[in-house]
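S.K.: There's a structure below that I have some questions on.
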Amino acid sequence: MDGKDLTRRQFIAAASAGSLAGVASRAIPAYGNITKKAGKLAILGGEPVRKNKSWPRWPYWDEKVVDSVVKTTKSRIWCRIQSKSGTVPTFEKQWASLAGAKFCVATGSGTQALHTSVEALGIGPGDEVITSPYTDPGTISSILTARALPVLADLDRESYQLDPDDVERRVTENTRAIMPVHMMGQPCDMGRIMEIAEKHNLKVIEDAAQAHFAEYKGKKLGTIGDLGCFSFQSSKTIACGEGGGIIGDDEELMDKCYTVHNHGTSRRGRTEVAGPKYRMNEFEAAVLLGQLSGARERFERRNENAARLTAGIKDLPGIRPQKLYEGTECGSFYIYAMTYRKEYFNDVDRSKFLKAMAAEGVSLSPYITQGLHREPWIEHILSRPVYKKMFSKKRLTKYRQESKCPNCDKVCQELAMIWASGPLLGTRQDMDDVVNALVKVYENRDKLSAV
Ligand SMILES: *Cc1c(COP(=O)(O)O)cnc(C)c1O
């Protein structure tokens with residue numbers, strides 16, 4: 001449904017075909033007085049919708065977090081191997097339980113959690129892992145560090161998630177696993193992805209780095225595939241600076257994760273396999289333990305605020321919230337993402353729309369502006385002898401030819417998002433400010449080309 005010939009009615013009808021129902025006949029919803037008179041755009045000298053107000057800051061801290069770090073300092077237990085009851089083992093037990101799994105191995109980052117998972121599943125040179133081009137570089141780094149080949153499948157343009165049909169098209173005889181990424185903290189189409197994995201006998205490592213507490217069809221994200229990986233990097237909805245964790249129910253496999261992440265040394269004290277040293281340190285776990293008690297409440301608050309935003313914009317032409325798959329019960333809202341369709345804004349480029357929004361006091365970000373299929377690493381690995389030894393010339397030629405992801409390119413051009421970890425903890429008025437600014441800019445769309 002590309003093009004300028006779409007009527008507003010068709011657009012809304014298409015929107016309502018997704019999971020978020022649109023009502024074609026209803027007028028643009030109003031908060032405050034916006035629909036009566038939108039007023040002059042702030043960027044053209046009018047009054048901004050939002051003035052002298054700040055958003056809740058992130059990362060979050062309170063006295064509990066500080067006390068927890070002080071306690072660890074004074075205990076002199078600064079490394080996990082010093083004690084079985086230190087902060088890291090305690091955090092692992094608590095996170096496993098909160099995330100709905102039997103076991104957790106904490107790591108120094110989400111990237112380390114993913115790489116540990118790849119190694120523990122025995123995936124390495126000559127193997128291929130299918131994942132998304134629209135993600136943090138850590139996702140493919142985990143595959144490349146294992147000297148396997150990341151194969152990037154295209155997206156569903158409206159959910160920004162992996163398109164399962166394209167995933168299946170890219171399965172080869174070398175494929176060993178799928179690494180679905182739950183973008184923005186919302187579930188991928190896991191029903192279809194698990195079906196494909198079963199049919200082709202593939203492992204599934206969920207990149208749930210953005211998806212703490214999110215749920216799909218009665219299961220928490222991270223518990224659907226063989227292993228689930230989280231990030232606790234500063235920007236994430238549960239944060240300790242740098243940190244990560246793997247969850248799973250298979251005791252033997254989780255034991256392997258421990259061994260791999262502990263420079264190949266098992267809990268039995270024998271050095272058994274090749275492995276990096278990726279242990280989380282006790283201070284990182286102290287910061288996490290200090291904030292876990294309020295994490296669920298903050299998650300619920302983000303969900304309530306996101307629902308208010310979505311209700312406010314669902315009938316606004318040209319702005320469309322992220323499509324959610326059937327079976328999505330709640331998302332993590334690390335990011336609140338929308339698609340900006342310029343054909344509804346007098347064909348004005350996203351950059352001008354973003355400028356006008358910022359002037360109204362609501363900063364939206366374009367997020368990832370180039371998919372990973374457009375980054376230089378592809379040529380780098382194709383030129384390396386190690387990849388030429390592992391894969392046939394025919395395979396690598398095909399790999400280069402098939403590295404296009406046109407839907408991902410569109411998403412990179414159309415997305416507008418709010419970094420949600422802090423801002424979505426704001427008040428209802430904060431959310432209404434966002435909606436009011438969007439409505440105001442839409443109402444003034446004929447003046448946008450001048451900004
Ligand atoms: C943050 C992130 C990662 C990497 O996690 P780090 O803790 O930064 O290493 C991987 N995948 C996704 C989707 C992420 O958002």
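The values are calculated or read from the model by the stated rules, or taken from the named source; none is laboratory data. Because the structure is predicted, anything quoted here is derived from the model rather than measured. Here Cβ is always computed from backbone atoms with ideal geometry, including for glycine, and neighbour counts include all displayed protein chains. Only protein heavy atoms, including side chains, enter the accessible area calculation; ligands, DNA and RNA are left aside. Shrake-Rupley method; radii C 1.70, N 1.55, O 1.52, S 1.80 Å.
S.K.: Give just the number: which of (1) over 18 Å from Phe103 (Cα atoms); (2) touching a Ser or Thr at 6+ places or on another chain (Cβ under 6 Å); (3) open to solvent by less than 10 Å² (accessible area, probe 1.4 Å) does Ile205 not satisfy?
M.R.: (1)
S.K.: Output the residues belonging to region 217-242 that are buried (at least 24 other Cβ atoms within 10 Å of the Cβ) and either within 16 Å of Leu121 (Cα to Cα) or among the aromatic types (Phe, Trp, Tyr) (or both).
M.R.: Gly222, Gly225, Leu227, Gly228, Cys229, Phe230, Phe232
S.K.: Go through (1) in contact with a Pro (Cβ under 9 Å, 6 or more places away or on another chain); (2) within 16 Å of the ligand (Cβ to nearest atom); (3) farther than 12 Å from Gly110 by Cβ one by one and return the number of the condition Ile247 breaks.
M.R.: Here Ile247 clears every test but (1).
S.K.: Same structure, new question: May I ask you to list the residues in region 399-408 that are within 22 Å of Thr139 (Cβ to Cβ) and assigned to a helix (DSSP H, G or I)?
M.R.: Passing the criteria: Tyr399, Arg400, Pro406, Asn407, Cys408.
S.K.: Name the single residue that is nearest to the ligand (Cβ to nearest atom) among those in region 250-270 being polar (S, T, N, Q) and more than 12 Å from Gln112 (Cα to Cα).
M.R.: Thr259
S.K.: Would you be able to say whether some residue in region 28-46 is at pLDDT 50 or above and open to solvent by 70 Å² or more (accessible area, probe 1.4 Å)?
M.R.: yes
S.K.: Of these, Tyr278, Tyr336, which one is within 16 Å of the ligand (Cβ to nearest atom), aromatic (Phe, Trp, Tyr) and in the same structural domain as Ile238 (by TED's automatic domain parsing)?
M.R.: Tyr278
S.K.: Looking at Arg341, Arg384 in this structure, which one is in the same structural domain as Val434 (by TED's automatic domain parsing) and of a type in the set (Lys, Arg)?
M.R.: One residue alone meets the criteria, Arg341.
S.K.: Go through region 133-182 and report how many residues are part of a loop (DSSP other than H, G, I, E, B) and aliphatic (A, V, I, L, M).
M.R.: 4
Yes/no matrix, rows are residues, columns are (1) surrounded by fewer than 19 Cβ atoms within 10 Å (Cβ to Cβ); (2) at pLDDT 95 or above; (3) of a type outside the set (Ser, Thr, Tyr):
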{"position": "Leu354", "(1), (2), (3)": "yes, yes, yes"}
{"position": "Pro366", "(1), (2), (3)": "yes, yes, yes"}
{"position": "Thr397", "(1), (2), (3)": "yes, yes, no"}
{"position": "Cys405", "(1), (2), (3)": "no, yes, yes"}
{"position": "Cys408", "(1), (2), (3)": "no, yes, yes"}
{"position": "Cys412", "(1), (2), (3)": "no, yes, yes"}
{"position": "Gly422", "(1), (2), (3)": "no, yes, yes"}
{"position": "Met431", "(1), (2), (3)": "no, yes, yes"}
{"position": "Val434", "(1), (2), (3)": "no, yes, yes"}
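S.K.: Would you be able to say whether some residue in region 438-448 is outside the structural domain of Thr145 (by TED's automatic domain parsing), surrounded by fewer than 14 Cβ atoms within 10 Å (Cβ to Cβ) and not aromatic (Phe, Trp, Tyr)?
M.R.: Within region 438-448 (the criterion being outside the structural domain of Thr145 (by TED's automatic domain parsing), surrounded by fewer than 14 Cβ atoms within 10 Å (Cβ to Cβ) and not aromatic (Phe, Trp, Tyr)), the answer is yes, since at least one residue qualifies.
S.K.: Okay, next question. For Gly225, are the conditions met, namely being over 17 Å from the mean Cα position of the chain (by Cα) and more than 13 Å from the ligand (Cβ to nearest atom)?
M.R.: So Gly225 fails the test.
S.K.: Ok, one more. In region 117-132, is there at least one residue being within 16 Å of the ligand (Cβ to nearest atom), at pLDDT 95 or above, part of a loop (DSSP other than H, G, I, E, B) and open to solvent by less than 10 Å² (accessible area, probe 1.4 Å)?
M.R.: There is at least one residue in region 117-132 that is within 16 Å of the ligand (Cβ to nearest atom), at pLDDT 95 or above, part of a loop (DSSP other than H, G, I, E, B) and open to solvent by less than 10 Å² (accessible area, probe 1.4 Å).
S.K.: Next question. Any idea which residue in region 168-206 is farthest from the ligand (Cβ to nearest atom), counting only those that are in contact with a helix residue (DSSP H, G or I) (Cβ under 7 Å, 6 or more places away or on another chain) and over 23 Å from Thr116 (Cα atoms)?
M.R.: Glu168
S.K.: Could you say whether any residue in region 98-112 is free of Cβ contacts under 8 Å to residues at least 60 places away in the same chain, assigned to a helix (DSSP H, G or I), open to solvent by 30 Å² or more (accessible area, probe 1.4 Å) and away from the ligand (no atom under 13 Å from the Cβ)?
M.R.: no
S.K.: Continuing with this model, one more query. Let me confirm something: among Glu360, Glu379, which residue is without any contact (Cβ under 8 Å) to a residue 24 or more places away in the chain and either within 24 Å of Ala146 (Cβ to Cβ) or open to solvent by less than 40 Å² (accessible area, probe 1.4 Å) (or both)?
M.R.: Selected residue: Glu379, the only one of Glu360, Glu379 that is without any contact (Cβ under 8 Å) to a residue 24 or more places away in the chain and either within 24 Å of Ala146 (Cβ to Cβ) or open to solvent by less than 40 Å² (accessible area, probe 1.4 Å) (or both).
S.K.: Just checking, does region 151-164 include any residue being near the ligand (Cβ under 10 Å from one of its atoms) and buried (at least 21 other Cβ atoms within 10 Å of the Cβ)?
M.R.: Looking for residues that are near the ligand (Cβ under 10 Å from one of its atoms) and buried (at least 21 other Cβ atoms within 10 Å of the Cβ), one finds none in region 151-164, hence no.
S.K.: So, in region 343-389, exactly how many residues are assigned to a helix (DSSP H, G or I), of a type outside the set (Ser, Thr, Tyr) and in contact with a Leu (Cβ under 8 Å, 6 or more places away or on another chain)?
M.R.: The number of residues fulfilling the criteria is 14.
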